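Report on the structure given below.
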Amino acid sequence: MKLQTIETHIVKTPPPGFGGRYFIFVVLQTACGIRGYGEIYAASFAPETVSTMAADVFGRYLEGQNPFEIERFWRRAHGSGFSHRPDPSMQGVVSGLEMACWDIVGKALDRPVYDLLGGKVNERLRTYTYLYPRADQDAVSFYNDASASAEAAAGYVSDGFTAVKFDPAGPYSVFDGRQPDLDALRRSEDFCREIRATVGDRADLLFGTHGQFTPAGAIRLAKRLEAFDPLWFEEPTPPDMPEAMAKVASATSIPIATGERLCSKYEFSRVLQCGAAAILQPNLGRAGGILESKKIAAIAEPYYAQIAPHLYCGPVVAAANIQLAASIPNFLILESIQKMDGFHASLLTKPLCWEDGHIIPPTTPGLGIELNMDVVAQNPWDGSRLHLEMAQHPFDPGRDGPFAGG
């Protein structure tokens, strides 16, 4: 079996853009006609540039090669151009191509990918979602209104979710970390208080931040939140220096979670070695793919660290997350974008199976999904912004005003 062709598709997400402004899908095909789907979560460059990068990597390391030789491909790409170190853009490209290879391998063997990773451990996968405004709600008001978020949390819990995530601590900037301002501290405490009062013990609270704070600032914030017993405090400091994040972990009873911006076993190993986090959040479209994330989960086992795959992109990464989560003993919870319905579901010929707060792993071969290429073609990207963007100036609460969410 040999890989023959690659297609890339940049799909524009409709407003309000849950999961980012666009998704980058790759489709690989073998000479014998088996198609495999992947998704790239590389956001540092324009998606057109990333598509060109994917074609280049495919031409150098995969074209004419056996899709079963995933380890060989990963090492060649990891060392491409005398790099041989974690590179989020390269690993994003590798992730999408690698998961497409796994999809092909599973289809060729007529087995789900999780069967090829050691077999299914988890029959169903607990999920959580961010709190999102309704279509009739103003985003700025919603993301700064604890009562509105508590109402949204109650609705998601009624749907079956047993955990909800929210990030009321304010905007994130390329100049972070910083000290939290007093309004952010008060607002964060209010959100936790009102959401906890509304959902009681029916749901865990997942407190999200995006690397905004210095260790000292994050510790101040954590002290305000401890009384509400969040399941985690996410990425409290920038991801560059896990040694700094470890200071927060050692100063609070709240478990620290991190990983959406990390790639490869090397970066995650450093997090574990310095005690920066108890919960790892690899995004399989960036972390290095399915096999690399399986290795990350294995490295985490001796530390008794748990895995909560991250998702702020499209349904192919969601499908890869499911295959990993089904196969690992230290799985904690899976990120879902609401109930994986709406536009995410329309991109698949058959939606993911979400029921009563859980994803049910598919039994179909490969990743268990097929892209609906008609919907892909109907939503071409025509923008110029990046998938996600941070503020380009230092945060000034007097100038910048209320934050309208991510």
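Condition check for Ala325 on (1) part of a loop (DSSP other than H, G, I, E, B); (2) open to solvent by less than 70 Å² (accessible area, probe 1.4 Å); (3) more than 20 Å from Ala43 (Cβ to Cβ): one failure, at (1). When you scan region 137-178, how many residues do you find that are in a loop (DSSP other than H, G, I, E, B) and touching a residue at least 40 places away in the same chain (Cβ under 8 Å)? Adding up the residues that qualify gives 14. Filtered by the rule that a residue be of a type outside the set (A, V, I, L, M, F, W, C), on the phi < 0 side of the Ramachandran plot and open to solvent by less than 10 Å² (accessible area, probe 1.4 Å), region 160-175 gives Lys165, Pro168, Ser173.
Could you check region 180-200 and list, in sequence order, the residues that are of a type in the set (A, V, I, L, M) and either in contact with a helix residue (DSSP H, G or I) (Cβ under 8 Å, 6 or more places away or on another chain) or open to solvent by less than 30 Å² (accessible area, probe 1.4 Å) (or both)? Result: Ala184, Leu185, Ile195, Ala197, Val199. Residue count for region 33-82, restricted to those that are among the β-branched types (Val, Ile, Thr), assigned to a helix (DSSP H, G or I) and open to solvent by less than 20 Å² (accessible area, probe 1.4 Å): 3.
The combined condition, being without any contact (Cβ under 8 Å) to a residue 12 or more places away in the chain and more than 25 Å from the chain's Cα centre (by Cα), is fulfilled by Glu69.
The set of residues from region 152-179 being touching a helix residue (DSSP H, G or I) at 6+ places or on another chain (Cβ under 7 Å) and farther than 24 Å from Asp138 by Cα comprises Gly177, Arg178, Gln179. Can you confirm whether region 251-259 contains a residue that is under 21 Å from Glu370 (Cα atoms), assigned to a loop (DSSP other than H, G, I, E, B) and among the hydroxyl-bearing types (Ser, Thr, Tyr)? No, every residue in region 251-259 fails to be under 21 Å from Glu370 (Cα atoms), assigned to a loop (DSSP other than H, G, I, E, B) and among the hydroxyl-bearing types (Ser, Thr, Tyr). Are there any pairs with C-beta distances below 6 angstrom linking a residue in region 358-377 that is free of Cβ contacts under 8 Å to residues at least 60 places away in the same chain and within 20 Å of Thr13 (Cβ to Cβ) to a residue that is assigned to a loop (DSSP other than H, G, I, E, B) and open to solvent by 20 Å² or more (accessible area, probe 1.4 Å), with the two at least 6 apart or on different chains, and if so which? Close Cβ pairs (under 6 Å, with a partner that is assigned to a loop (DSSP other than H, G, I, E, B) and open to solvent by 20 Å² or more (accessible area, probe 1.4 Å)) amount to Asn372/Thr349. Can you tell me which residue in region 100-124 is surrounded by the most Cβ atoms within 10 Å (Cβ to Cβ), limited to those that are in a helix (DSSP H, G or I) and among the β-branched types (Val, Ile, Thr)? Once the filter is applied, the top-ranked residue is Val113.
In this entry, Asp341 passes the filter for residues that are open to solvent by 30 Å² or more (accessible area, probe 1.4 Å) and closer than 26 Å to Asp374 by Cα. Restricting attention to region 201-224, the residues being assigned to a loop (DSSP other than H, G, I, E, B), open to solvent by 10 Å² or more (accessible area, probe 1.4 Å) and not polar (S, T, N, Q) number 3.
The values are calculated or read from the model by the stated rules, or taken from the named source; none is laboratory data. All figures in this text were calculated on a predicted structure; none of them were measured in a lab. Ideal geometry is used to build each Cβ from the backbone, glycine not excepted, and the neighbour counts take in all protein chains shown. Surface areas here come from the heavy atoms of the whole protein model, side chains and all, with no ligands, DNA or RNA. Shrake-Rupley method; radii C 1.70, N 1.55, O 1.52, S 1.80 Å.
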